[in-house]
Amino acid sequence: GFGPYHGSAKTEEAELLLLQAVLKNNNVRFYFPETDYSIAYYFNEYLQNGDEKLLKDLIITYGTRVPQERSAEGFKKWKNLKALNDKLPADKKIKVLGVDPIVTYKYTCRHLLLLADAEANQWEKLSELKEMVKKDTANYSPYKESYSKKMLREFVADYEANSKSYERFIKNPKQFEYLIATIKTSFGEFSREQNIFTNYIALSKIYNYDEGVKFFRYGFAHLMKIREEDHFASFFTQLIENGVYKKEEVVSVLGYLTKSRVIWDDVFDKQGNYKKSTTK
């Protein structure tokens, strides 16, 4: 795990240097950015197809949770990561996964439509989601009662009531069921740190990533190997305390970058127009 200050100008360079050093002697099977399953899926698509229009939107969407990394440096990092991945043999390509709770429903909805396909008269609620994604005017926030959240509540209720009827339309049942579970979690109250751990364990059953190195790029609070306070166990601490890995099997690099400016906040005028980002 590499855990820097969010928004540091040198973070992305430091991460790539670290990743290159790890790759010299190890096969990094999975790369986990601080994001959800569906955004990670499309980051993986970018590594395969090089679509920079997609990448730009992913960086902006990713920044919903980590706004300080909605940056040109982040965009450049992913381009460099793709160049690095392109040089790896086919059987050693890095796969991107996400274990965070849902950041926005935008890519969650798109992902659902990739995993299931049916005509309107065969699965009405799926067609309604398809129309919403096509228009792309909905508020995709999972943090309030947005239109997309209402649509997904109805979709999940309909799916659970008629799952046997819809089975034939689902291309990858395990991934689809996992995505449904993360959507249901987003409807209620939950602990983000606990959810990251739960999602990691759940995805291990789908992707079988027990062998090989897993590389995490998260804020350093998630990567502490012991409890900072009695009541808080970071994601990495939970992995160790629950016996998923031994302490010596977990490497945590915390990036206190002392000579790097950090994006601190966005500045808007009175009309709400973007002006600039401040730094410290």
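The values are calculated or read from the model by the stated rules, or taken from the named source; none is laboratory data. Every value quoted in this text rests on a predicted model; they were computed, and no experiment measured them. Using ideal geometry, Cβ is built from the backbone for each residue, glycine included, and neighbour counts are taken over all protein chains shown. Accessible surface is based on the protein model in full, side chains and every heavy atom, while ligands, DNA and RNA are left aside. Shrake-Rupley method; radii C 1.70, N 1.55, O 1.52, S 1.80 Å.
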At a 10 angstrom cut-off on C-beta neighbours, averaged per residue, how do the peptides 108-119, 31-42 rank from highest to lowest?
31-42, 108-119
Filter the trypsin sites (Lys or Arg not before Pro) in the range 126-176 to those in DSSP coil with at most 13 other Cβ atoms within 10 Å of their Cβ, and list the result.
Lys144, Lys171
In Å², rounded to a whole number, the accessible area per residue of the chain with probe 1.4 Å is 53
Which of rounded, prolate, oblate describes the range 59-143, given a ≥ b ≥ c as roots of the alpha-carbon gyration tensor eigenvalues and a/c under 1.5 marking rounded, otherwise prolate only if a/b is larger than b/c?
oblate
Reported label for calculated Kirkwood radius over Cα pairs in Å given (1) 20.7; (2) 20.1; (3) 19.5:
(2)
Using +1 at the Cβ of each Lys and Arg and -1 at the Cβ of each Asp and Glu in the chain, identify which of Thr185, Ala21, Val250 lies farthest towards the dipole's positive end.
Ala21
Over the chain, the sum of -39500 (n - 2.57) across DSSP H runs of at least four, divided by residue number and rounded to 500 deg cm²/dmol, gives at 222 nm -14500 deg cm²/dmol
Residues with amide H under 5 Å from that of Phe30, placed H, sequence gap 5 or more:
Lys95, Phe215
When a/c is below 1.5 the answer is rounded, else prolate if a/b is larger than b/c, else oblate, so apply that to the range 146-233 with a ≥ b ≥ c taken from the square roots of the Cα gyration tensor eigenvalues.
oblate
For the range 182-255 and the range 46-96, compute the distance between their C-alpha centroids and round to whole Å.
22
Apply the Karplus curve 6.51 cos²θ - 1.76 cosθ + 1.60, θ = phi - 60°, to the phi angles in the range 64-70 and return the couplings in whole Hz, x for Gly and Pro.
4, 8, 10, x, 5, 9, 7
Net charge dipole size for the chain [Lys, Arg +1 and Asp, Glu -1 on Cβ; Debye, nearest 20]:
740
How far is helix 72-86 tilted, in degrees, relative to the longest principal axis of the Cα atoms in the chain, given as a value from 0 to 90 rounded to the nearest 10?
90
Restricting the count to DSSP beta bridges whose residues both fall in the chain, what percent are antiparallel, rounded to a multiple of 5?
40
Between Ala21 and Ser191, what FRET efficiency follows from the Cβ-Cβ distance if R0 is 41 Å, with the result rounded to 0.05?
0.80
Which of Lys10/Lys150; Lys56/Lys171; Lys95/Lys246; Lys171/Lys246; Lys92/Lys144; Lys95/Lys184 exceed 32 Å between C-alpha atoms? The answer is Lys10/Lys150; Lys171/Lys246; Lys92/Lys144
By how many nm would the segment from Phe232 to Glu160 grow when fully extended, if each residue of separation counts as 0.36 nm and the alpha-carbon distance is taken off?
22.5 nm
Which listed residue (Cys109, Val99, Leu81) has the Cα farthest towards the positive end of the charge dipole for the range 1-156, taking +1 on Lys and Arg C-beta and -1 on Asp and Glu C-beta about the Cα centre?
Leu81
Which of Asn139, Asn85, Asn162 fluctuates most in a GNM of the chain (C-alpha springs under 10 Å)? That residue is Asn162
Enumerate the amide H contacts of Asn139 below 5 Å, restricted to partners 5 or more residues apart or on another chain; note that Pro and chain-start residues carry no placed amide H.
Tyr147, Ser148
Cleavage-rule hits (GluC sites (Glu not before Pro)) in the range 128-189: DSSP loop, at most 16 neighbouring Cβ within 10 angstrom
Glu145, Glu189
Three-way shape call for the range 123-194 based on the alpha-carbon gyration tensor, with the a/c threshold at 1.5:
oblate
Quick one: with all protein chains in place, what share of the accessible area of the range 78-149 is carbon or sulfur, to the nearest percent (1.4 Å probe)?
48
For helix 147-161, what angle does its Cα long axis make with the longest principal axis of the chain, in degrees from 0 to 90 and rounded to 10?
60
